[in-house]
Amino acid sequence: MVKVVKFGGSSLASAGQFAKVGEIIRADESRRYVVPSAPGKRNDKDVKVTDMLYGCYAAAEAGEDFKPKLRKIKDRFDAIINGLHLKTSLEKEFQTIAENFEQKAGAEYAASRGEYLNGIIMADFLGYTFIDAAEVVFFDEKGEFDAEKTNRVLSARLKKCDCAVIPGFYGAKKDGTVHTFSRGGSDITGSIVAKAAGADLYENWTDVSGFLIADPRIIENPEVIQVITYRELRELSYMGATVLHEDAVFPVRGAGIPINIRNTNKPEDKGTLIVEHTCHHSEFTITGIAGKKGFVAVNVDKDMMNSEVGFGRKVLSAFEENGISFEHMPSGIDTMTVFVHQEEFEGKEQQVLSSIKRLAKPDTVDLEADLALIAVVGRGMRSTRGTAGRIFSALSHANVNVKMIDQGSSELNIIIGVANCDFETAIKSIYDIFVTTQL
Ligand code: ASP
């Protein structure tokens, strides 16, 4: 059994957190490949090392004295080293970093040093081999991730060592320059390493006990999702639920490796298991609820619309012409509604309206702004009767007016449009009917 374990910034923010991570790794000998993030925040007011590095490099680039900022960063690492009673010295590393900053090595190089240095400490702490991600994770000249070369080189390298630490977040281009993934990208590295190692499981350790059924800012102490499929995850993440970097899914999903989200501060919790398929029934019919505010509904009316071939295409062309993507498009007999992001639409509103008039020649077009979309997601809905009925009766009891309903043929989700001001109430009432009342 091989497990790849990735630890997020809050799991590695201090010596105390490192100690917890050490216990977790030592508790299971299959945890052989470790992917660390840079030290994150120790408390709400703290600054992530990655942000300190960006700030320090910006000072270097502006020709200011960046050394005091760099010293503060070194202090963060030294506090971890001293707290763990390690003999690791980062003197030389920091000298090299200072020289490279002077030579303007780039913001991505700067940001990557958080993971790089944390990786060196972690390898020393565990007695594992350190593998610099710049030697095994590759990007092309345009900065696109080179999955084929990375997998080939990385798997050959991992075969040679039983236990290793590979820092997250960065790799290198052909010419050797360091390149990073987007923020939160250590999740992606973890997934890449899991694939290359042919792992049985990719454990992603963070500071929550998995994916929550609903946003904790709206629902107090929501239940954790035990098992979720990749498709359900995609629906919920798209609607704003975040724990994992979206791109982290692809390498392991293709290789059939499940992801387990775990909590470093509560290792006894099982967390959330993310899988391709499962016959595990979700506990509550629905798997999760997520949503976003800030949509506009563009309602287009035209008598006999349904017999006019190509009408829908003409309406959608008006959006395409103006570079606007649409979210949903429920339609009636002689009406069609297109949901778009308010922020994206506002600046181009008049152009879009005139394009619709020119292309589709509708009778009327009207707009409704300040709408929210809520996705109720669950593989369990397919085999359960009355899910939609329960949602709408809960919403009507909560006095929420439903503006739009859209159920995809996959029966994996039901999307509901409500006014922005009803968003929280709607989510609470759906959570209550499916979860609170079932506990
Ligand atoms: N340290 C990087 C960030 O703060 C990458 C990561 O933590 O995944 O975004």
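Quick notes on this structure:
- Odd one out for E108, checked against (1) of a type in the set (D, E); (2) within 16 Å of the ligand (Cβ to nearest atom); (3) over 23 Å from the mean Cα position of the chain (by Cα): (3)
- Single match in T287, T278 (criterion: in contact with a helix residue (DSSP H, G or I) (Cβ under 6 Å, 6 or more places away or on another chain) and under 30 Å from G256 (Cβ atoms)): T287
- Within the range 351-364, being under 19 Å from V309 (Cα atoms) and surrounded by 19 or more Cβ atoms within 10 Å (Cβ to Cβ) holds for S355, I356, A360, P362.
- Single condition V418 does not satisfy, out of (1) assigned to a strand (DSSP E or B); (2) surrounded by fewer than 15 Cβ atoms within 10 Å (Cβ to Cβ): (2)
- Among the residues of the range 148-175, those identified as free of Cβ contacts under 8 Å to residues at least 12 places away in the same chain and either closer than 19 Å to I259 by Cα or basic (K, R) (or both) are K149, R152, K159, K160.
Residue-wise test of (1) over 24 Å from I188 (Cα atoms); (2) not aromatic (F, W, Y).
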site: P39; (1), (2): no, yes
site: K45; (1), (2): yes, yes
site: T50; (1), (2): no, yes
site: Y54; (1), (2): no, no
site: A58; (1), (2): yes, yes
site: E61; (1), (2): yes, yes
site: P68; (1), (2): yes, yes
site: D75; (1), (2): yes, yes
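- The criterion of at least 1 residues that are away from the ligand (no atom under 16 Å from the Cβ) is met, among strands (runs of 3 or more DSSP E) falling completely within the range 152-223, by 170-173, 201-206.
- Summed over the range 333-364, residues that are in a strand (DSSP E or B) and either under 21 Å from D406 (Cβ atoms) or in contact with a Ser or Thr (Cβ under 7 Å, 6 or more places away or on another chain) (or both) total 7.
- Of all residues in the range 362-387, those being modelled with pLDDT of 90 or more, farther than 30 Å from D303 by Cα and among the small types (G, A, S) number 2.
- For first residues located in the range 410-427 and without any contact (Cβ under 8 Å) to a residue 60 or more places away in the chain, partners that are in a helix (DSSP H, G or I) and of a type in the set (K, R) and lie 6+ apart or on another chain with Cβ distances below 6 Å form the pairs E411/R382.
- Residue that is of a type in the set (A, V, I, L, M) and within 16 Å of the ligand (Cβ to nearest atom), where the choices are A59, A98, A13: A13
- For the range 162-181, residues that are under 21 Å from V5 (Cα atoms) and either modelled with pLDDT under 95 or surrounded by 14 or more Cβ atoms within 10 Å (Cβ to Cβ) (or both) total 11.
- Residue in the range 124-140 that is surrounded by the fewest Cβ atoms within 10 Å (Cβ to Cβ), counting only those that are without any contact (Cβ under 8 Å) to a residue 60 or more places away in the chain and part of a helix (DSSP H, G or I): E135
- Residue within the range 34-56 that is on the phi > 0 side of the Ramachandran plot and away from the ligand (no atom under 16 Å from the Cβ) present: no
- Each residue in the range 402-439 was checked for being more than 24 Å from the chain's Cα centre (by Cα), more than 21 Å from Q226 (Cα to Cα) and of a type in the set (V, I, T), and 4 of them qualify.
- Criterion (in contact with a Phe, Trp or Tyr (Cβ under 6 Å, 6 or more places away or on another chain), of a type in the set (A, V, I, L, M, F, W, C), in contact (Cβ under 8 Å) with a residue 12 or more places away in the chain and closer than 22 Å to M122 by Cα) met by exactly one of V243, V178: V178
- If you go through the range 414-439 and keep only what is among the polar types (S, T, N, Q) and modelled with pLDDT under 90, you end up with just Q438.
The values are calculated or read from the model by the stated rules, or taken from the named source; none is laboratory data. Computed from a prediction, not measured in an experiment: that's the story for all the values here. Cβ atoms come from the backbone with ideal geometry, glycine included; neighbour counts cover every protein chain shown.
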